[in-house]
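Presented below is the structure to which this report refers.
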Amino acid sequence: MNPWLYSIPLVSALIGWIFNQVVYQQFLNNYLPARKNAIAALLGEKAEQLLPFSKIEEKIGDPALVEKAMPMIESHIDEFLTVKLPQEIPMLAMFVGNKTTDKIKEVFITQLRALFPKVMGTIVKDFKTSLNIRQSVTDEFAKIDITGLLKEKLSGTSKKFALAGLLLGLLIGLLNLLLFYILA
């Protein structure tokens with residue numbers, strides 16, 4: 001058998017290493033930048049699916065959420081009726097007693113229980129309309145230098161990828177050498 005045949009595994013390993021290096025560089029430098037807008041649009045679409053405003057609207061309108069907020073709202077109404085209203089309109093405070101303030105507070109609370117879910121639902125709908133998650137994510141991703149980011153984050157991976165090509169090439173070369181040996 002020709003002694004040059006023993007170099008087949010080394011040449012195959014070198015070819016595997018070079019091939020994986022070239023593929024990795026082409027992927028980072030040509031493929032990803034050329035598809036950046038498509039990737040950005042896909043990420044925007046996925047972000048929109050991950051943040052369903054319908055569930056937020058549903059949760060905001062939940063009566064249990066309103067009931068959780070009521071103690072804080074009641075304390076603010078109490079402070080307004082007992083402290084701030086007499087400070088701002090002292091004449092009115094002279095004619096309004098505890099029974100009247102309690103009745104006013106009761107009416108406010110009833111109105112707030114009915115109004116709160118509607119107001120919060122409207123706020124969420126307006127927020128959804130003005131935010132446009134899909135477009136925001138797409139625009140922000142388009143600003144990112146994806147090649148630089150991936151080179152930084154995948155520097156160890158690129159070496160492993162090239163090493164995998166080297167080992168695969170070596171394995172193929174050894175198999176070729178074995179076949180030459182068996183067939184010769």
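Quick notes on this one:
- Among the residues of region 1-35, the one identified as outside any helix (DSSP H, G or I) and surrounded by 12 or more Cβ atoms within 10 Å (Cβ to Cβ) is R35.
- Among the residues of region 36-61, those that are in contact (Cβ under 8 Å) with a residue 12 or more places away in the chain and outside any helix (DSSP H, G or I) comprise L51, G61.
- Residues located in region 135-184, provided they are of a type in the set (S, T, Y), under 26 Å from Q25 (Cβ atoms) and open to solvent by less than 50 Å² (accessible area, probe 1.4 Å): T147, S158
- Taking first residues from region 84-105 that are within 23 Å of M70 (Cα to Cα) and partners that are β-branched (V, I, T) and open to solvent by 80 Å² or more (accessible area, probe 1.4 Å), the Cβ contacts under 8 Å between residues at least 6 apart in sequence or on separate chains come to T101/T82.
- Qualifying position, being at pLDDT 80 or above, hydrophobic (A, V, I, L, M, F, W, C) and open to solvent by less than 80 Å² (accessible area, probe 1.4 Å), among I77, I60: I77
- Lone unmet requirement of (1) among the polar types (S, T, N, Q); (2) closer than 21 Å to I39 by Cα; (3) exposed (fewer than 13 other Cβ atoms within 10 Å of the Cβ) for S130: (2)
- Residue ID - modelled with the highest pLDDT, chosen from residues in region 86-99 that are open to solvent by less than 60 Å² (accessible area, probe 1.4 Å) and part of a helix (DSSP H, G or I): P86
- Criterion violated by V124 - all others in (1) touching a residue at least 40 places away in the same chain (Cβ under 8 Å); (2) touching a Ser or Thr at 6+ places or on another chain (Cβ under 8 Å) satisfied: (2)
The values are calculated or read from the model by the stated rules, or taken from the named source; none is laboratory data. Nothing here was measured: the structure is a model prediction, and the numbers come from that model. Note: ideal-geometry Cβ built from the backbone for every residue, glycine included; neighbour counts use all protein chains shown. Quick note on the areas: whole protein, heavy atoms, side chains included, nothing else; ligands and nucleic acids left out. Shrake-Rupley method; radii C 1.70, N 1.55, O 1.52, S 1.80 Å.
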